[in-house]
Structure formats: C-alpha cells, structure tokens
Amino acid sequence: MTKNVEPEPWRALPSELADAIEPELPEATEEILATIGREVPEYARPLEGAFGVAIRTGVTEALRQFVELIRNPEPVRGRDVYVGLGRAEFREGRTLDSLQSAYRVGARVAWRRVSAAARRAKVDPEQLGLLAEAVFAYIDELSADSVEGYAQAQREQEGERQRRRRELLALLLRDPPADEADVRAAAQAAGWRLPRSTAPLAVRETDLARVGRRLSADALVAPIGGLGCALISGAIRRSELERATQNVVAALGPSVPRRELGGSWALASAALRAVEAGAIQADGLLDAEEHLPELLLFQSGGVAERLAERRLAPLAELTPGARARMEETALAFVQHGGNAAAMARALHLHPQTIRYRLGRLRELFGDELADPDARFELELALRAAR
C-alpha cells in the first residue's frame, strides 16, 4: 500500500507572492541573527570566523530558498548547508538543542516579517494562513536536515573510534609485543586507559556487540581475526562477566601483564575454537587455562589423531560398545596408576568388574601398560579420542 505524502504547502502559494516578500530578506536576515544572539545563549557571541559564516549563510540561504520555492517549487532544495550545521554542532560537542532553538527563533521572526509584507500586498486571509503553514513546514525541513547531519557525524565518529580501538587491540595482542611507545600512542588516540594487566575474552564475532553492551565501559571491545575480543580488567567481577556471556560461547584467557597478552589471546581463541569443534565441553564461560591438556591435543591437529590411531590400535577389532568400555577403563588405569580400588570409585563400578576389565586390558595392550612412555602416549591418545 502506497503511503500518502502531504503536499508541500508552498506549492499552493501564488508565485507573485515571492516578489512581495523578497525585499524583506536583508532586514529579516539581520533581525533573525540579532534575535538568535539574544535568545540562544550558546550563540551569544560575535558572528565571526567559521561559526559566524555558517550561521549567516544558514539564515541567508534559508530565506532565499524559501522565496525561490514560492516562485518555482520544482527545483530540488539545497540541503548541504543545514546538514553541515548539524555536523558542526556535533563537532563542537553540543546537543542539537541550541540549533533547534535558533530554528524556532528564525521561524518566528521570518513569519512576522513575511506576513507583514504579505498583508501590505493585500494577500487574502486564506493565503495568509497557507503562508504561515509554509513557513513552519519549511523550517521543520531545515531542522530535519540538521538532525540528519548530526547523526551522520555521530556515526562517523563512532566508526573512527571503533577503527582506532581495533588498531589498539591488534597492537596489544601482537606476539612478539609491539613497541610500548606505539601502544601508548594508540591508546591515547582510542581514548582507552591502559591497565597494567588484563585478560582477553574470546567470543564469536556475531556475539561481540551483545557481549560488549553488557560489559562495563572500560572494556576494550573489537573484532580481530574473524573473532570477537574484549579485554577485561581485574576490576570486572566474575559474576558480571558470566552475565555478559550468558547464552554465548565464550573463552577467557588468563589475566597477564600487557606485554604477555598475545600468548593469553592465543590461548583464549584456541579454547573458543575447541569448544565450537566439540573438543572441549563447556557449559557457560570457559577458563582456557583450566583446559590446557585438551588444548594441547586440539592444537596438535593431525599429530594427535595419528597418535590415537597408533596407540589405540589394539582396540580396533572390538565392537563399539566394548571399545568404549575399554577406552574408559584404560584412561582410568593411567590416571590412577592401575589402582583397582581408585578406578572402581572413579568409574562407579564394582571392584570385581574392574579386575575383570584390567585383565582384558592387559590382554590387549600387554607390556605397554608397564612402560611409562607408552602409558603417557596412551593417555594422550585416549584424551584425543574423546
């Protein structure tokens, strides 16, 4: 369904009205500028330099374009001046309140001036009412242009801020570490206070915005290498971190001095990939440092697979169920030094069952169970297989 667009009110005004209003423009311009200076505190200063040029140009162009729209409403109205005013307000660190106030002052003074000119030209009351509607609708359009310019400048600054933060994060995570002077300069440009130590949090890049919104403002949050990273200072409590990563796959590297962040990030990012690959089972926030053996196997790639294939070859001919039982028994054996009682407690089985399984294990693996190196490789193989 097509939305109805209200016609621009100046289109219904007679073109000759422009000739009656035009002589008022110079004096109207000066009165508007003077009134803005009196009534808008932020603009109560001499109209000099870039500021003065921008305000005077805005008022002059607004009045000139309004008259031209009455004379010929077909050409596209120029918007650059008013978009630029909105951008300038943002750069000056002001809200749009002052500029909006200036627009209201301008509309009031302009209406008084042009209505007086229209009455002198014997414009009938109906046309006078339409002229009032046109003046205020036109000022609303100018105001909307400035709102757009302000928003553009906000987005650009946020984009620049994010770019600088990405650059800083890349420097901090570099291994070997980046030069300290470069790091300090990048931190100043990004507006981020460098902590003495910090911990990297790894999340999916698609989850980064959600996690970033939940973290405190002092966290450095940016994408890197296809992942999302947040540098967490020691001031952030564990409970806050768990809330921020709720329903999100996340891995936390150890808190380290800044110059060791590259290694900590390598650990956190590897842990995240391991969780996603199913190599590590995680329920909620994962501390990467608590899963170093699993990470060692995960990072080894084909080496761990080849080791598992070699060391677990005696189990190859078993049925899947029997193989699973013997893998479980073998892992308990190496973890508890072959102590049957400890194995029974760990596996929640009767000691007699464990003794039976131990006998079968010795049949399958033979003298390897007595060799320390072979037992070490067997444990790695079993962990890799899991």
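Rule-based calculations on the coordinates, nothing more; no lab input. Please read these numbers as outputs of a predicted model, since none were measured by experiment. Cβ placement follows ideal geometry from the backbone for every residue including glycine, while neighbour counts extend to all protein chains displayed.
Computed from point charges on the beta carbon alone (+1 for Lys and Arg, -1 for Asp and Glu), the dipole magnitude for the chain about its Cα centre is near 1100 Debye. Kindly express, to the nearest 10 degrees and within the range 0 to 90, the angle between helix 80-91's C-alpha long axis and the longest C-alpha principal axis of the chain. Orientation of helix 80-91: about 50 degrees from the principal axis. Quick check on the range 128-204: take the gyration tensor over C-alpha atoms, sort the square-rooted eigenvalues as a ≥ b ≥ c, and tell me if it's rounded (a/c under 1.5), prolate or oblate. Verdict is prolate for the range 128-204. Rounded to the nearest 0.05, what FRET efficiency do residue 38 and residue 161 give with R0 = 30 Å and r taken as the Cβ-Cβ distance? Could you check? That pair, residue 38 with residue 161, gives E of 0.20. Full extension of the chain between residue 368 and residue 309 yields a length gain of 19.7 nm, computed as 0.36 nm times the residue separation minus the alpha carbon distance. Taking label positions 7 Å along the Cα-Cβ direction at both residue 316 and residue 91, the computed distance is 7.3 nm, reported to one decimal. Fully extended, how many nm does the chain gain between residue 353 and residue 98 (0.36 nm per residue separation, minus their Cα-Cα distance)? My answer for the length gained is 83.4 nm. Under the criterion of Cα pairs below 8 Å and six or more residues apart, the relative contact order for the range 35-115 equals 34 percent.
Over the chain, what is the percentage of antiparallel beta bridges among all DSSP beta bridges, to the nearest 5?
90
Placing pseudo-labels 7 Å out from each Cα toward the beta carbon at residue 79 and residue 206 gives an inter-label distance of 3.4 nm. Could you tell me whether the range 32-155 comes out rounded, prolate or oblate from its Cα gyration tensor? Rule is a ≥ b ≥ c as square roots of the eigenvalues, rounded for a/c under 1.5, then prolate if a/b exceeds b/c, otherwise oblate. Prolate, since a/c reaches 1.5 and a/b exceeds b/c. With R₀ set to 56 Å, the beta-carbon distance separating residue 141 from residue 182 gives a calculated FRET efficiency near 0.75.
How large is the helix-only mean residue ellipticity at 222 nm for the chain, computed as the sum of -39500 (n - 2.57) over DSSP H runs with n ≥ 4, divided by its residue count, in deg cm²/dmol to the nearest 500?
My calculation for the chain gives -20500 deg cm²/dmol from helical runs alone.
Shape class of the range 147-272 from the Cα gyration tensor (axes a ≥ b ≥ c, square roots of the eigenvalues): oblate, since a/c reaches 1.5 or more and a/b does not exceed b/c.
The 3J(HN,Hα) values that the Karplus relation (6.51, -1.76, 1.60; θ = phi - 60°) gives for the range 257-265 are, in residue order, x, 3, 6, 9, 5, x, x, 5, 5 Hz. Gly and Pro appear as x.
Our coupling estimate for the range 126-132, obtained by passing each phi through the Karplus curve with A = 6.51, B = -1.76, C = 1.60 and θ = phi - 60°, is 5, 5, 5, x, 5, 5, 4 Hz, Gly and Pro reported as x.
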